[in-house]
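Asker: Let me give you the structure first, and then I'll get to my questions.
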Amino acid sequence: MYNIGICDDEHETCAQIVNMIQDYGKRNKLEIEISVWYTGEALYADLVKKTMIDLLFLDIELVSTDGIQIGKLIRNELENPDISIAYISSKSSYALELFKIHPIDFLIKPISAQDINDTIDEALRLYNRNNKVFEYRANGYNCKIPYKNIVYFCSENKKIHMVTLDSDIQFTGKIKEIIEQVPECFIQIHQSYIINMDHMNECSYETVRMRGDILLNISQPYRKIVRKHIMDYAWGQKD
């Protein structure tokens, strides 16, 4: 799922961009979720709630909180460098103001289908290059987090606890489904635990000590395969 947002106070412009994005998705067989906002304040409020956006078409001349302010909030307050921002405007005189926001494109109205196609192509190129992430749904929102930031997963009472470098996130899920989608640096050590070996500080036959001095037990059925997997991974990392 690729998440595209549009923020423009002109409803007609939003509708046109939505149609162009939908055409792109059908033509390229890409599943796209589109979200639309008509004010910068509404967009920012949802971003604070962790609404997931991969590519944002953002109008500069928004009423009240303009697109440049929103861009600065995304980069500086939310500390989010990952959203690809494509500015849209009826003017072409904003280059210096946009420099620190690092937009991937600047589109002048009226916007053509080719403009949208080229921007999505570039955003997807960057996405595929830079983003290896775990996707999940929590509190009604589609979310994602880099695998490198995940320390371990724990299943408890039909909930998954995802312990990351700076938080403990909960969502509904199953360990058996997670182990099928995570990369090889993750290994299951218990029917309820999956760890990221990149955050493992110590390992014995029966336990692993994770970042943050967290000690986890390796259950009996998993010990031989865990030992082999850890050894294979360690040697592979050295090559």
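The values are calculated or read from the model by the stated rules, or taken from the named source; none is laboratory data. Given the structure is predicted, the values throughout are model-derived calculations rather than measurements. Because the Cβ atoms are built from the backbone with ideal geometry, glycine has one as well, and the counts that use them run over all protein chains shown.
Asker: Identify, please: which residue in region 94-110 is of a type in the set (Val, Ile, Thr) and not in a helix (DSSP H, G or I) and is, among those, farthest from Ile145 (Cα to Cα)?
Answerer: Per the criteria, the residue is Ile108.
Asker: Let me confirm something: among Asp166, Asp118, which residue is within 27 Å of Lys72 (Cβ to Cβ) and either touching a His at 6+ places or on another chain (Cβ under 7 Å) or surrounded by fewer than 12 Cβ atoms within 10 Å (Cβ to Cβ) (or both)?
Answerer: Asp166 is the lone residue from the list that is within 27 Å of Lys72 (Cβ to Cβ) and either touching a His at 6+ places or on another chain (Cβ under 7 Å) or surrounded by fewer than 12 Cβ atoms within 10 Å (Cβ to Cβ) (or both).
Asker: Is it the case that some residue within region 140-155 is within 28 Å of Gln69 (Cβ to Cβ), loosely packed, with under 13 Cβ neighbours inside 10 Å and in contact with a Pro (Cβ under 8 Å, 6 or more places away or on another chain)?
Answerer: Checked region 140-155: no residue is within 28 Å of Gln69 (Cβ to Cβ), loosely packed, with under 13 Cβ neighbours inside 10 Å and in contact with a Pro (Cβ under 8 Å, 6 or more places away or on another chain).
Asker: Hey, could you check region 111-137 for residues that are in contact (Cβ under 8 Å) with a residue 60 or more places away in the chain and part of a helix (DSSP H, G or I) and say which is nearest to Val151 (Cα to Cα)?
Answerer: Tyr127
Asker: Just to be sure I understand the filter: pairs with C-beta atoms under 9 Å, separated by 6 or more residues or on different chains, first member in region 202-222 and touching a residue at least 60 places away in the same chain (Cβ under 8 Å) and among the charged types (D, E, K, R), second member in a loop (DSSP other than H, G, I, E, B) and surrounded by fewer than 17 Cβ atoms within 10 Å (Cβ to Cβ). Which pairs pass?
Answerer: Hits for this filter: Arg211/Leu165.
Asker: Another question, if that's okay. Given region 1-93, what strands (runs of 3 or more DSSP E) lie entirely inside it while holding 2 or more residues that are crowded, with 22+ Cβ neighbours inside 10 Å and touching a strand residue (DSSP E or B) at 6+ places or on another chain (Cβ under 7 Å)?
Answerer: The strands (runs of 3 or more DSSP E) meeting that bar are 2-7, 55-59, 84-89.
Asker: Still on this structure, please answer the following. How many residues does region 89-113 hold that are modelled with pLDDT of 75 or more and basic (Lys, Arg)?
Answerer: Residues in region 89-113 being modelled with pLDDT of 75 or more and basic (Lys, Arg): 2 in total.
Asker: For Leu98, only one of the following conditions fails: (1) under 17 Å from Gly5 (Cβ atoms); (2) surrounded by 14 or more Cβ atoms within 10 Å (Cβ to Cβ). What is its number?
Answerer: Result: Leu98 passes all but (1).
Asker: Determine whether region 102-111 contains at least one residue that is surrounded by fewer than 16 Cβ atoms within 10 Å (Cβ to Cβ), within 20 Å of the chain's Cα centre (by Cα) and farther than 23 Å from Lys29 by Cβ.
Answerer: For region 102-111, residues surrounded by fewer than 16 Cβ atoms within 10 Å (Cβ to Cβ), within 20 Å of the chain's Cα centre (by Cα) and farther than 23 Å from Lys29 by Cβ: present.
Asker: A follow-up question, please. When the residues of region 114-157 are filtered to those that are among the hydroxyl-bearing types (Ser, Thr, Tyr) and out of contact with any strand residue (DSSP E or B) (no Cβ under 6 Å at 6 or more places or on another chain), which remaining residue is modelled with the lowest pLDDT?
Answerer: Tyr127
Asker: A follow-up question, please. With the requirement that a residue be touching a helix residue (DSSP H, G or I) at 6+ places or on another chain (Cβ under 7 Å) and among the charged types (D, E, K, R), what does region 126-147 give you?
Answerer: Once the filter is applied, which keeps residues that are touching a helix residue (DSSP H, G or I) at 6+ places or on another chain (Cβ under 7 Å) and among the charged types (D, E, K, R), region 126-147 yields only Lys132.
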